[in-house]
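The values are calculated or read from the model by the stated rules, or taken from the named source; none is laboratory data. In this text the structure is predicted, and so the values were computed from the model without any measurement. Positions of Cβ are backbone-derived with ideal geometry, glycine not excepted, and every protein chain shown enters the neighbour counts. Side chains included, ligands, DNA and RNA excluded: accessible areas come from the protein's heavy atoms. Shrake-Rupley method; radii C 1.70, N 1.55, O 1.52, S 1.80 Å.
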Amino acid sequence: MRFRIITALALGITALTTALVATGPARAAEPTEAAGNGRACLFVSPTAVFGLGHVGWAVMDGSGRWYSGATETKSSKGFAGNWLRGPEDVNSMLKHFSAQRLNNDPYQRFRCVNTPNGSPGNAVAKFRQLMSTDYAWATNNCLTRSVATFKAYTSALNGLDDGAVTAPNSYFNRHLTAWSWENPVSL
């Protein structure tokens with residue numbers, strides 16, 4: 001299966017199409033294949049927060065190890081809790097997202113993009129910095145923190161809209177499509 005996916009990527013076919021054509025809905029292979037040295041993925045829980053959605057992020061280092069995180073634990077101050085994981089292999093990362101819940105709403109899909117480079121250290125440092133800031137529904141939330149983490153990971157993603165005052169579902173479905181991120185894959 002890996003040979004088929006790698007071959008298909010070399011031909012320019014997206015990871016989702018490759019997985020469906022080659023073997024059916026495989027899920028572990030898609031996030032690991034990178035044409036460049038970097039890869040970033042956004043995970044969405046589309047039913048969370050009254051249907052507006054909720055997101056978490058993941059980035060890959062040059063050796064296929066993943067770092068991931070999200071802002072999602074509800075507290076008296078809102079959704080101010082954070083989690084950060086890594087380095088871990090792709091299967092551990094996917095299992096963690098599959099098991100996470102925000103008010104019983106699971107992450108259901110993700111979409112990724114290859115980047116010419118990426119620094120997980122910069123991404124983790126940025127997310128740690130954001131974890132210490134006050135949560136704000138419109139301007140410092142799960143989406144804005146994920147986007148800021150991607151921008152710290154690689155300058156190739158600096159053109160992404162910051163996500164302020166944007167519903168996570170809208171960003172995941174519309175904005176990332178406009179930026180040519182791969183089609184969504186179900187967890």
Go through segment 55-66 and count every residue that is modelled with pLDDT of 95 or more and either more than 20 Å from Asn122 (Cα to Cα) or open to solvent by less than 30 Å² (accessible area, probe 1.4 Å) (or both).
-> 7
Is segment 98-113 home to any residue that is hydroxyl-bearing (Ser, Thr, Tyr), in a helix (DSSP H, G or I), under 12 Å from Gly38 (Cβ atoms) and in contact (Cβ under 8 Å) with a residue 24 or more places away in the chain?
-> no
Kindly indicate whether Phe127 is closer than 22 Å to Gly38 by Cα and part of a helix (DSSP H, G or I).
-> yes
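Residue-by-condition table, conditions (1) at pLDDT 85 or above; (2) touching a His at 6+ places or on another chain (Cβ under 6 Å); (3) surrounded by 18 or more Cβ atoms within 10 Å (Cβ to Cβ):
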position: Ser68; (1), (2), (3): yes, no, yes
position: Ser75; (1), (2), (3): no, no, no
position: Trp83; (1), (2), (3): yes, no, no
position: Asn91; (1), (2), (3): yes, no, no
position: Val113; (1), (2), (3): yes, no, yes
position: Gln129; (1), (2), (3): yes, no, no
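Whether any residue in segment 116-123 is small (Gly, Ala, Ser) and buried (at least 19 other Cβ atoms within 10 Å of the Cβ) is what I want to check. Working first, answer last.
Pass one, segment 116-123, residues small (Gly, Ala, Ser): 118-119, 121, 123.
If we keep only those that are buried (at least 19 other Cβ atoms within 10 Å of the Cβ) too, we end up with 118, 123.
There is at least one residue in segment 116-123 that is small (Gly, Ala, Ser) and buried (at least 19 other Cβ atoms within 10 Å of the Cβ).
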